[in-house]
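The values are calculated or read from the model by the stated rules, or taken from the named source; none is laboratory data. It should be emphasised that the depicted structure is a prediction, and the values quoted were computed from it without experimental measurement. With ideal geometry, Cβ positions are generated from the backbone for all residues, glycine too; neighbour counts draw on all protein chains shown. Side chains are part of the model used for accessible areas, which takes the heavy atoms of the whole protein and leaves out ligands, DNA and RNA. Shrake-Rupley method; radii C 1.70, N 1.55, O 1.52, S 1.80 Å.
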Amino acid sequence: MIDIHCHILPGIDDGATAMEESVEMAREAVKEGIRAIIATPHHNRFYENPKEAVIQKVAELNNRLMEENVPLSILPGQEPAISGDFLEEYQKGNILTLNNTQYAFMELPSGDVPRYTSQILYELQNFGVIPIIVHPERNQGIIERPDILYELIRNGALAQLTASSICGVFGKNIKNFSLRLIEANLVHFIASDAHNIQSRTFHMQRAFEEIGTRYGNDFASFFRENAERLIEGKNVYKDEPQKVKRKKLLGIF
Ligand code: FE
């Protein structure tokens, strides 16, 4: 299994604090059946992790895992926050795509979806980059108006859901909303977004079990295969996006 979103690099964001913790996280990932992780440190106004810095840290961690005989590969990536000058950052070479493919993460602020989002996603695609919106299930603007996500997906963006959201770690509402996004074909990847092995751990096995039980194993394989396809730069599977159904109230709608 591949985990495409993880804060496993030591000491550069709010993920692993030091190399020892990175190694602990790696061991935990292996226990979950993960064989490769894309390291995706934050790149925003709190943590600056431009391309070259990430590549160097990835090499350091891979060396250490080799020394410790941990059978896990770390691949380069980044979780850049959207901003008005995102395209400039990209053109300057500060944005790192996922494992050097055409896919790149895009983090929205948790409170809303900025007006310029669709414009930036459109222009990125003109540069040949396919944007992946991370954890839309935790964005307040999308929770209130899921059609925003539907439109972004219809216009070529992809989306990644967090495994722990499906397991209920962020509460029942986020869990239910996550399931509705999956049912509306608005999700293309499931990833851990693990930050440590305590409060924000992997939960990948649990999430896939839950998806398998609810929707069948083919559905779980769809997400697993998409992660494999992503790291190889292949086209990923997608189904026609649907609008999120409104919750039935007292069964009268
Ligand atoms: Fe993250």
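How many residues are more than 18 Å from the chain's Cα centre (by Cα), within 22 Å of PRO131 (Cα to Cα) and either within 13 Å of the ligand (Cβ to nearest atom) or among the polar types (S, T, N, Q) (or both) when one looks only at the range 1-47?
Within the range 1-47, residues that are more than 18 Å from the chain's Cα centre (by Cα), within 22 Å of PRO131 (Cα to Cα) and either within 13 Å of the ligand (Cβ to nearest atom) or among the polar types (S, T, N, Q) (or both) number 1.
Answer yes or no as to whether ASN62 is modelled with pLDDT under 95, open to solvent by less than 50 Å² (accessible area, probe 1.4 Å) and touching a strand residue (DSSP E or B) at 6+ places or on another chain (Cβ under 8 Å).
In short, no.
So which pairs qualify, if the first residue must be in the range 73-87 and touching a residue at least 60 places away in the same chain (Cβ under 8 Å), the second must be away from the ligand (no atom under 15 Å from the Cβ) and not in a helix (DSSP H, G or I), the Cβ gap must be under 8 Å, and the two must be at least 6 apart or on different chains?
Within 8 Å, the pairs are ILE74/ALA36; LEU75/ALA36; GLY77/THR97.
Could you say which residue among ASN44, ASN69 is out of contact with any strand residue (DSSP E or B) (no Cβ under 6 Å at 6 or more places or on another chain) and farther than 11 Å from LEU9 by Cα?
Testing whether each residue is out of contact with any strand residue (DSSP E or B) (no Cβ under 6 Å at 6 or more places or on another chain) and farther than 11 Å from LEU9 by Cα leaves just ASN69.
In this structure, is TYR215 open to solvent by 50 Å² or more (accessible area, probe 1.4 Å) and aromatic (Phe, Trp, Tyr)?
yes
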